[in-house]
Amino acid sequence: MMSSGENEIITEYALQSEEPLRIALGLMYGCGLEIKRRIITNFLSELETALRHEFSGWLVENHFIPTIFEKYASVVLRREHWRDQYKIAFEAQQANPRWIVIGIHKPETAAAIGGGSLKHLMDQQYMPGASNVWWEWYRKMDDGYDDWDNAATLVKLYRRPESVEYFVRHLRTIAEIAGPEIDKAVA
C-alpha cells in the first residue's frame, strides 16, 4: 500500500499532461493484473521447487497454475499411500486469490482422525485452528499472507526467498506433526 505522499506524487505526475496520464492509466488498468499474475506465478514456481527439495518422496501438486485467480486453487503435499484421502495444503477460499488457509484437507465424508485427536494435537503443538467437513484442521494464514489481492502481500510474495521460506516452514511443521498420524489413519 502506498503512502498518501506517494499517491500524491504519482497523481501529480499523471495529471501533468496526456502522456503521463496514459502511462498511469495503463499501469492501473492495463498491466496491473499481469504484474500480479507474474509475481504470484514466480513465487509459486520457486515454492514448488523448494517443496520438491524439502519433501523428497512426497507428491507436490501445484493447483494454482494455470488458474491462479480461481477459488480453491491450492498447493498440496501428500504421501502416495495417502492417495487422495488426506493432503497437507494451503488453499484460496476466495477468488483472486484471497482468504488463504493452511491445514490438513480430507474427504468430505471422512471421519476425523482419531475422533478429533489430530486436530487437538495440531492445536496444542502448532497453533489453534478449526475443522469442518473438508478440513481435519486448518487456520487462516498469518503475517499478511492470507490475501494475495493487495499490494502489501504482493510485495511480500515478490521477496521470494522470505516468502518461500515462510510457507515451507509452516508446511514442514504441519507435516512433522500430522504426517505420522495420517500414516496411521490410512494404514
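All of the numbers you see were taken from the coordinates with simple rules; none came from a lab. All values reported here derive from a predicted model rather than from experimental measurement. A quick note on method: Cβ atoms are made from the backbone with ideal geometry, for glycine too, and the neighbour counts reach across all protein chains shown.
Some values worked out for this structure:
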{"read-out": "Ranked Asp146, Asp183, criterion: other C-beta atoms within 10 Å, fewest first", "value": "Asp183, Asp146"}
{"read-out": "Gained length - Ala111 relative to Gln85, 0.36 nm times residue gap less alpha-carbon distance", "value": "8.3 nm"}
{"read-out": "Fewest-first sequence of Met28, Met122, Met141 by Cβ atoms within 10 Å of each Cβ", "value": "Met28, Met141, Met122"}
{"read-out": "Selection of chymotrypsin sites (Phe, Trp or Tyr not before Pro), the range 1-88, meeting DSSP coil and at most 15 other Cβ within 10 Å", "value": "Tyr72"}
{"read-out": "Distance from the range 136-187 to the range 26-67 (C-alpha centre basis), Å", "value": "14"}
{"read-out": "Simple spin-label estimate for Arg37 and Asp142 in nanometres, 7 Å along Cα-Cβ", "value": "3.4"}
{"read-out": "Extended-chain gain in nm, criterion 0.36 nm per residue less alpha-carbon gap, Ala187 and Ile9", "value": "57.9 nm"}
{"read-out": "Theoretical FRET efficiency, 1/(1+(r/R0)^6), r = Cβ-Cβ of Ala130 and Leu27, R0 41 Å, to 0.05", "value": "0.55"}
{"read-out": "Debye-sum result for the range 32-186 in log10 I(q)/I(0), which assumes one identical scatterer on each alpha carbon, at q = 0.09 Å⁻¹", "value": "-0.27"}
{"read-out": "Projected label distance in nm at Leu154 and Glu176, using a 7 Å step from Cα toward the beta-carbon", "value": "3.5"}
{"read-out": "Loop chymotrypsin sites (Phe, Trp or Tyr not before Pro), the range 104-187, which have at most 14 other Cβ atoms in a 10 Å radius of their Cβ (DSSP)", "value": "Trp134"}
{"read-out": "Sequence-separation-based contact order of the chain, relative, with Cα cut under 8 Å and 6+ spacing, percent", "value": "18"}
{"read-out": "DSSP bridge pairs, the chain: antiparallel proportion in percent, nearest 5", "value": "100"}
{"read-out": "The range 1-109 pair-distance distribution - Cα-Cα, 5 Å bins, rounded %", "value": "2, 11, 14, 17, 14, 10, 9, 8, 6, 4, 3, 1, 0"}
